[in-house]
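Trainee: First the structure, then my questions, so here it is.
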Amino acid sequence: MFFYLSKLFWFVAQPVNLIGLLIVAGILLAIAGWRRLSLLLSFCAFLILAIGAWTSTGALLLHPLEDRFTRPDPAPAQVAGIIVLGGGFEGGVNLVRGGYELNSSGDRFVEAAVLARRYPQARVVVTGGSGSLMLEGEGDGDTAPRLLTALGVEPGRLVLENRSRNTYENAVFTREMVDPKAGETWLLVTSAFHMPRSVALFRKAGFDVVPWPADYRTAGNEHVGLTQDNVADSLQNLTVAMREWIGLLAYWLSGRIDSPLPGPAD
């Protein structure tokens, strides 16, 4: 139920959809003669668009998420496994074309391939099925072997988990599959903005992982004011930030994580 409710809520709450819904509601209210309310909803739609596309709000909301965890320095000498969270492939395209087209989170898999070369004895775990309610697509756990083997990772090193639909299931199913032993070091690779929630969920599942963030969306030095990026990326930053902050709050309120903003000491 949590999975379906979260998908339904986000369908309404994500900025582009919310802008569209407000515009449609404004038009209907105008037709019905509710002019003032129509103007109010239209103004709200414009305000969301202006804040998201033309200001640095999205980047500023991402800063505390991306800066929460850093890569270990020095890096571990030995690693038992490398876990990369799904979400980096164009599932709908790959299902039809059979390739390994990457989306904006594809850096996760590039970094996983780099780490696989750095730690040639480590297992490489890919966790992620299809988390979409409406769009049919291939899960990352099914697509990743084609890319990783093409980049030189031996097939025998891969551990594939393709049932999970969200980060909570990533953590639970991965722990069940790999059964980590005490004293082992496991790296967790995901987008930097997604690392706080991911680390917290893995630790809650009894799997102590070492964060290895990738796929940074900001330079980290953006300031309050007009956007320093193109409008499409600025709006995307706001969308990503809102989704992650809402996800953190929902997981905290549901008891799946212990803090609304997990950190290294949690």
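Trainee: Are any residues in segment 25-46 open to solvent by less than 80 Å² (accessible area, probe 1.4 Å) and assigned to a helix (DSSP H, G or I), and if so, which ones? Steps first, please.
Mentor: Initially, segment 25-46 is screened for residues open to solvent by less than 80 Å² (accessible area, probe 1.4 Å), giving 25-26, 29-30, 32-33, 37-38, 41-42, 44-45.
Within segment 25-46, Ala25, Gly26, Leu29, Ala30, Leu37, Ser38, Leu41, Ser42, Cys44, Ala45 qualify.
Trainee: Does Gly106 satisfy the criteria of being out of contact with any strand residue (DSSP E or B) (no Cβ under 9 Å at 6 or more places or on another chain), open to solvent by less than 80 Å² (accessible area, probe 1.4 Å) and of a type in the set (Gly, Ala, Ser)? Even if it seems obvious, please write down each step before you answer.
Mentor: Working: out of contact with any strand residue (DSSP E or B) (no Cβ under 9 Å at 6 or more places or on another chain): no; open to solvent by less than 80 Å² (accessible area, probe 1.4 Å): yes; of a type in the set (Gly, Ala, Ser): yes.
No; evaluated as a whole, the condition is false for this residue.
Trainee: Can I ask one more? Taking into account only those residues within segment 225-257 that are under 12 Å from the mean Cα position of the chain (by Cα) and small (Gly, Ala, Ser), which is surrounded by the fewest Cβ atoms within 10 Å (Cβ to Cβ)?
Mentor: Gly247
Trainee: If you don't mind, there's one more thing I want to ask. I'm trying to understand the selection: among the residues of segment 209-224, which are open to solvent by less than 20 Å² (accessible area, probe 1.4 Å) and aromatic (Phe, Trp, Tyr)?
Mentor: Passing the criteria: only Trp212.
Trainee: In this structure, is Gly92 within 27 Å of Arg157 (Cα to Cα), outside any loop (DSSP other than H, G, I, E, B) and more than 17 Å from the chain's Cα centre (by Cα)? Even if it seems obvious, please write down each step before you answer.
Mentor: On the way: within 27 Å of Arg157 (Cα to Cα): yes; outside any loop (DSSP other than H, G, I, E, B): yes; more than 17 Å from the chain's Cα centre (by Cα): yes.
Answer is yes for this residue.
Trainee: Among the residues of segment 60-69, are any farther than 30 Å from Gly26 by Cβ and in contact with a Lys or Arg (Cβ under 9 Å, 6 or more places away or on another chain)?
Mentor: Pass one, segment 60-69, residues farther than 30 Å from Gly26 by Cβ: 63-69.
Keeping just the survivors that are in contact with a Lys or Arg (Cβ under 9 Å, 6 or more places away or on another chain) gives 65-66.
Scanning segment 60-69 turns up at least one residue that is farther than 30 Å from Gly26 by Cβ and in contact with a Lys or Arg (Cβ under 9 Å, 6 or more places away or on another chain).
Trainee: Going through segment 56-86 one residue at a time, which ones are part of a helix (DSSP H, G or I) and surrounded by 15 or more Cβ atoms within 10 Å (Cβ to Cβ)? Step through it out loud before you land on a result.
Mentor: Start the filter on segment 56-86 by keeping residues that are part of a helix (DSSP H, G or I), which leaves 57-66.
Within segment 56-86, Thr57, Gly58, Ala59, Leu60, Leu61, Leu62, His63, Leu65, Glu66 meet the criteria.
Trainee: Provide a single number: the residues in segment 147-156 that are part of a helix (DSSP H, G or I) and either in contact with an Asp or Glu (Cβ under 8 Å, 6 or more places away or on another chain) or buried (at least 18 other Cβ atoms within 10 Å of the Cβ) (or both).
Mentor: Of segment 147-156, the ones part of a helix (DSSP H, G or I) are 147-150, 155-156.
In the following step, the residues that additionally are either in contact with an Asp or Glu (Cβ under 8 Å, 6 or more places away or on another chain) or buried (at least 18 other Cβ atoms within 10 Å of the Cβ) (or both) were identified as 147-148.
Of the residues in segment 147-156, 2 are part of a helix (DSSP H, G or I) and either in contact with an Asp or Glu (Cβ under 8 Å, 6 or more places away or on another chain) or buried (at least 18 other Cβ atoms within 10 Å of the Cβ) (or both).
Trainee: Kindly indicate whether any position in segment 38-47 is free of Cβ contacts under 8 Å to residues at least 40 places away in the same chain and of a type in the set (S, T, N, Q).
Mentor: Filtering segment 38-47 for residues free of Cβ contacts under 8 Å to residues at least 40 places away in the same chain gives 38-47.
Then keep just the ones that are of a type in the set (S, T, N, Q); that gives 38, 42.
So far as segment 38-47 goes, yes, one or more of its residues are free of Cβ contacts under 8 Å to residues at least 40 places away in the same chain and of a type in the set (S, T, N, Q).
Trainee: Please name all residue pairs, on different chains or six or more residues apart, with Cβ atoms under 6 Å, provided the first residue is in segment 193-216 and is of a type in the set (Gly, Ala, Ser) and the second residue is crowded, with 23+ Cβ neighbours inside 10 Å and outside any loop (DSSP other than H, G, I, E, B).
Mentor: Pairs that qualify, where the first residue is of a type in the set (Gly, Ala, Ser) and the partner is crowded, with 23+ Cβ neighbours inside 10 Å and outside any loop (DSSP other than H, G, I, E, B), are Ser198/Thr167; Ser198/Thr190; Ala205/Ala171; Ala214/Arg108; Ala214/Val189.
Trainee: Still on this model: Consider segment 195-246. How many of its residues are part of a helix (DSSP H, G or I), among the small types (Gly, Ala, Ser) and modelled with pLDDT of 95 or more? Spell out the reasoning first.
Mentor: Residues of segment 195-246 that are part of a helix (DSSP H, G or I), as a first pass: 195-204, 231-246.
Now restrict to residues that are among the small types (Gly, Ala, Ser): 198, 200, 232, 234, 241.
Filter again for modelled with pLDDT of 95 or more, leaving 198, 200, 234, 241.
Residues meeting the conditions: 4.
The values are calculated or read from the model by the stated rules, or taken from the named source; none is laboratory data. Since the model is a prediction, treat every value here as computed from it, not as a measurement. Glycine also receives a Cβ, built like all others from the backbone with ideal geometry; neighbour counts cover every protein chain displayed. For the accessible areas, the whole protein counts, side chains as well, though only heavy atoms, and no ligand, DNA or RNA atoms are used. Shrake-Rupley method; radii C 1.70, N 1.55, O 1.52, S 1.80 Å.
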